[in-house]
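Following: one structure in structure tokens, then a few remarks.
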Amino acid sequence: MNTAHPLAPSARLVGTVVNRKEDPRLLGGAGRYVDDVVVPGMVHAHFVRSDIARGRISRIDTSAAQAATGVVAVLTATDLNPLQRGPMRATPMLGMPGEAPERPLAERDVKFVGDPVVLVVAESRALAEDAAELVEIDIEPLPPIVDFELATDAPDLVHAGERDTNVFSRMEIPGGDGFEAIFETAAHVIDQTFRQQRYLAVPMETRGIVAWWSPPGHEFRVWVSTQSPHDVRAITSRITGVSEQDVRVTMGDVGGGFGQKAYLARDEQVIILAGFRLGLPVKWIEDRRENLIAATSSRNERVRVRLAADAEGTILAASFDQLDDAGAYPLSGSPGMMAAMMFPGPYRIARYACSAQSAFTNTCPRAPYRGPWQVETFAREQAMDLLARDVGVDPLELRRRNVVHRHELPYTMASGMPLVEISPEETLAQATEMAEYAAFREEQQQARAAGRLIGVGISLYIEPQTPMSVYGAEPCHIRVEPNGTVDVYLGSGSHGQGLETTTAQLVAEHLGVDFDEVAVHQGDTAETPYAFGTGGSRSGPVLGAAIRQASLQLRDKVAELAAHRLEAAAEDIEIIDSVASVRGTPAQAITMSELARSAYWDLADLPPGMEPGLEVISRYRAPDLMYSNACHVCMVEIDRVTGAVKILRYIVSEDCGVMINPAVVNGQIDGGAVQGIGGALLEEFVYDEAGNPLTTTFLDYLLPTASDVPAIEHGHIETPGTTAGNYKGVGEGGAIGAPPAVANAVNDALAHVGAAVFAHPLSPPRIRAALDEVGAGS
């Protein structure tokens, strides 16, 4: 258990709602995004992309484009690919199994519609787009591999000549002796396949980058929309051969990432190579169609789940068999591996077997998306509802009978993953109590008698935070300036989490300074300490702990200096609102600005052995095991005529440890839940059999709007975490919990007429077809 620092004051800011520091800038239109970057001599890039899903390139003619007005260069694989000096993968992915072939621009063949083949660079974006129309590319079409469920056994290969299989990655944990016998003798067995559709991150700000190699200055400047500026620096160095110390990456405001910007993709790396070759600042801003067809995709998965239970519904064994679509050039390893390890989740399951595979296809590359392992909750929670119906008990009661209790912690899942510091039973109780679950069941009976289809769904899950073994220790650099104000430098970078606000709260709390006098700096590799970046719900438990640790370390020095100046003991010094005083004697006080001036200028007055200045850089090494958990409850009504789903209420009980700022926590929950609701009901990126994308605009790819999402009701359980400060992450939870909660609510409503839907999205045509199949349509 973490103990309080002896000099820390009672809580004053942590746990308090304060106005976000970011909001005046962002809401006032003063945010600075990549497209706002203007550099003298800047040129603009536009990609010519394949309109064939799979084929051999027989001819590329760029002569007309080269001669077009304002064109600076027309670059093909022949021009750029030989410049690649090192691997294109993100640093945490180096050495991991399941690598895809790497190439900046398509060379001999194309692998998906949207594959970049030619880069046109011109004096303006419009001129680059006009010249791109003049590029002639002849491609001999080949039969594409589009269906990931057929890809693993397909005779054709996505990467023929480079890989001898379409299997990108595979793992398996067998159930062991007697495992199948459990299913043969169990009183209740569920065996169901669930399918989750391909849907996308769709950040408000599409991808963008400006890359400029200046040979005279021997400096490589990169401005980019990213979640990981320091890794962009590392990749820039690796692929160009320019020393990291000569590369400076700047990340300004980021209009959403959701995993799509966690790892630098091919397109951005092509721009870096183009800037290196041309010695000019090259800007590329992705348009919305490019973002939909060529950025990254996610979630396209099939899972078969089997549950065996005794007569009372106690789960005896489970199996999880997963296959997902990696696309042509996946940016990360298979999410199915983590999903397989997490599948037992918050339930006591004695025996378990699992397998996870990922298949190459001739489609858009896969990348992490908010809660990449989410399919384990998606499938498990739906299977739990099916088991409850088979046993003949309410889904809430079945969960109560099988949920892990706090007194059982630490508890090791049947997959081998140990669970610590979670409260799934408590969140289940709080969420269902808030939902007035019993009263809804009574209302449901009355509604059914009147011919209405209403339902309630529960989703209970555990959210793992990305371990330190993947991303290393987290830094924080804090400096009290000579005037007493405080600058904080973070290796991480915010893309919507409110880190400027929560960082200032933590520093103000633990260093004892005024909140308004804390300035937070991030996203510039020239001034911030090295860290991979944000992702995996690490900001609360890991970055928060790093900020707390650095603040307390600096507080020790401030207290020692104040004690020397005030002729008191350091342990008697309290520091509040940038004033240090002797506890119990407030008249004996000195301001932070006076202490800072003394630390930097009055060197003769420093305590013996103290280094001048007030500054600390600290790295926090977190444990590998960190979890938050939550319960979602969704209530819906289905229109029998149209098949449309209306959400009546939506409740979330979240255990996120100690909340730094409740408003930020709720905002993170809401954002994730809305994305999950969109995935459950609306969003689907569709290819035809030839690999042509069919949902290339927002007229076809449907996103949730304010009218589709109800007001989300929040409950909180604050179970202490395993990192200093007891903070936990909430960034991914909403997107994990929402799809199965909505699915369970829909199928609870449909169960009354004997219908069910196990493929997403739960669109009106799909629901109407299920109703018609059982003769229950209106």
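The values are calculated or read from the model by the stated rules, or taken from the named source; none is laboratory data. Everything quoted here is computed from the prediction, not taken from an experiment. All Cβ positions, glycine included, derive from the backbone under ideal geometry; neighbour counts span all protein chains shown. Protein only, heavy atoms only, side chains kept; ligands, DNA and RNA dropped before computing areas. Shrake-Rupley method; radii C 1.70, N 1.55, O 1.52, S 1.80 Å.
General observations
- Between Val39 and Val641, the contour length at 0.36 nm per residue exceeds the alpha carbon distance by 211.0 nm.
- Protein heavy-atom accessible surface, 1.4 Å probe, per residue over the range 444-580: 27 Å².
- Positive-end residue, the chain charge dipole about Cα centroid, Cβ charges, pick of His477, Tyr687, Ile617: Tyr687
- Available extension along the chain between Glu718 and Thr185 is 187.8 nm, counting 0.36 nm per residue and deducting the alpha carbon span.
- Modelled FRET efficiency - R0 41 Å, Arg163 with Asp23, Cβ distances, 0.05 increments: 0.30
- Mean sequence separation of contacting Cα pairs (under 8 Å, at least six apart), scaled by the length of the chain, corresponds to a relative contact order of 16 percent.
- For the range 434-504, the share of alpha carbon pairs falling in successive 10 Å distance bins from zero is 13, 23, 17, 14, 16, 12, 4, 0 percent.
- From phi via Karplus (6.51, -1.76, 1.60), per-residue ³J(HN,Hα) for the range 146-158 in Hz, x at Gly/Pro: 10, 8, 5, 6, 9, 5, 5, 10, 5, x, 7, 10, 4
- Share of carbon and sulfur in the accessible heavy-atom surface of the range 610-686 [1.4 Å probe, %]: 55
- Accessible surface of the range 152-236, 1.4 Å probe: 49 percent of it comes from carbon and sulfur atoms.
- Environment charge of His405, counting only residues whose C-beta is closer than 13 Å and scoring Lys/Arg +1, Asp/Glu -1: +2
- Residue pairs, from the table Lys111/Lys646; Lys283/Lys728; Lys21/Lys261; Lys111/Lys261; Lys261/Lys646, whose Cα atoms sit over 30 Å apart: Lys111/Lys646; Lys283/Lys728; Lys261/Lys646
- Point-charge dipole on Cβ atoms (K/R +1, D/E -1) for the chain, about Cα centre, debye to 20: 360
- Note on Glu219/Leu409: beta-carbon distance plugged into 1/(1 + (r/R0)^6) with R0 of 56 Å gives a FRET efficiency of 0.60.
- Taken along its three principal axes, the alpha carbon spread of the range 202-337 comes to 77, 31, 27 Å, from the longest extent down to the shortest.
- The range 511-565 and the range 98-151 have Cα centres lying 44 Å from one another.
- For the pair Glu567 and Glu397, the difference between a 0.36 nm per residue extended length and the Cα-Cα distance amounts to 54.8 nm.
- What you get for the range 128-177, charging only the Cβ of Lys and Arg (+1) and of Asp and Glu (-1), is a dipole of about 340 debye around the Cα centre.
- Between the listed residues Val393, Ala508, Ala431, the Cα displaced farthest toward the positive end of the dipole of the range 361-512, a dipole computed from Cβ unit charges relative to the Cα centre, is found at Val393.
- Residue-count net charge about Asp556 - beta-carbon cut-off 14 Å; Lys, Arg +1, Asp, Glu -1: -3
- The H on the amide N of His188, modeled in the peptide plane, is under 5 Å from the matching H of Ala309, each at least 5 residues off or on a different chain.
- Charged neighbours of Pro395, selected by a Cβ distance under 12 Å, balance to -1 (K, R count +1; D, E count -1).
- With all protein chains in place and a 1.4 Å probe, the accessible surface of the range 431-584 carries 45 percent carbon and sulfur.
- Rounded to two decimals, the Cα-based Rg/Rh of the range 474-533, with Kirkwood Rh, is 0.95.
- Shape of the chain, Cα gyration tensor, a/c cut at 1.5: oblate
- Approximate spin-label separation Asp772-Thr78, in nm, with each point projected 7 Å along Cα-to-Cβ: 5.5
- Options Gly733, Ala340, Gly754, ranked by Cα towards positive dipole end of the chain, top entry (Cβ charges): Ala340
- The distance linking the range 193-250 with the range 340-391 is 31 Å (Cα centroid to Cα centroid, whole angstrom).
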